[in-house]
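Here's the structure, in C-alpha cells; my notes come after.
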Amino acid sequence: MSAPESKEVRAQADLAEIAHFRGFVRENLHGLEVSEEKAMMIELALHEILTNIARYAYPQGGGEMAVRIWISDTTLYMEIRDKGIPFNPAQRLPLDLKEKIRQGTSGGLGVFLFKTLMDGHSYKRDGDENILTIYKKL
C-alpha cells in the first residue's frame, strides 16, 4: 500500500503570506466532497496557526513556515512546520472563554480556535523544527 500523495507550500513567516496558504488549502479542497462549513473550519484553523507563527515564532524575524496537506481515507491532514521557538499547543491550558470575554483582553484565542475547529492534532519537536499536524474528518 502506497503513502497518500501530499502537496506542500512554503513561504516567509509573515502575515502577508497567510492568504497564499489559504489559497493553497482552497485549491486542494476544490473538487472534494467537503461541505462549505468544514472547508471554512479548516481554513480558519490554518489561518490561526499561521498567524501565531508569523507573530511569535521568530522574535528576531526572518523565518519560514510550511504547510503539507494530504488526504487519507476520509480525513484531511495538514502538517505545519516552522523553525521558530519551541511551542507545543498541547501544553496550553484549556481556555476559560467566559473569563476571557469578561476580562475583555485581545489575543490568546488561536490555539483554542484550531483545537475547537479541527478533529485532532499532534505536535512534536524534531531537531530545530516545530511540527504540528492537524486533521479533519471529511
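The values are calculated or read from the model by the stated rules, or taken from the named source; none is laboratory data. Worth saying up front: this structure is predicted, and the values here are computed from it rather than measured. Cβ sites come from the backbone with ideal geometry, for glycine too, and all protein chains shown count toward neighbours.
The table below lists the values:
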quantity: Selection from the range 1-32 of residues that are of a type in the set (Asp, Glu), assigned to a helix (DSSP H, G or I) and more than 14 Å from the chain's Cα centre (by Cα); calculated: GLU27
quantity: Residue in the range 44-54 that is in contact with a helix residue (DSSP H, G or I) (Cβ under 8 Å, 6 or more places away or on another chain) and polar (S, T, N, Q) present; calculated: yes
quantity: Which listed residue, of LYS115, LYS124, LYS137, LYS38, is of a type in the set (D, E, K, R) and modelled with pLDDT under 95; calculated: LYS115
quantity: Residues located in the range 48-75, provided they are closer than 20 Å to ALA90 by Cβ and not small (Gly, Ala, Ser); calculated: GLU48, ILE49, LEU50, THR51, ASN52, ILE53, ARG55, TYR56, MET65, VAL67, ARG68, THR75
quantity: Restricting the range 39-61 to residues that are in a loop (DSSP other than H, G, I, E, B) and in contact (Cβ under 8 Å) with a residue 12 or more places away in the chain, the residue that is surrounded by the most Cβ atoms within 10 Å (Cβ to Cβ); calculated: TYR58
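Residue-by-condition table, conditions (1) farther than 18 Å from ASN28 by Cα; (2) not hydroxyl-bearing (Ser, Thr, Tyr):
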position	(1), (2)
ILE42	no, yes
HIS47	no, yes
THR51	yes, no
ALA54	yes, yes
ALA57	yes, yes
ARG68	no, yes
TYR77	no, no
GLY84	yes, yes
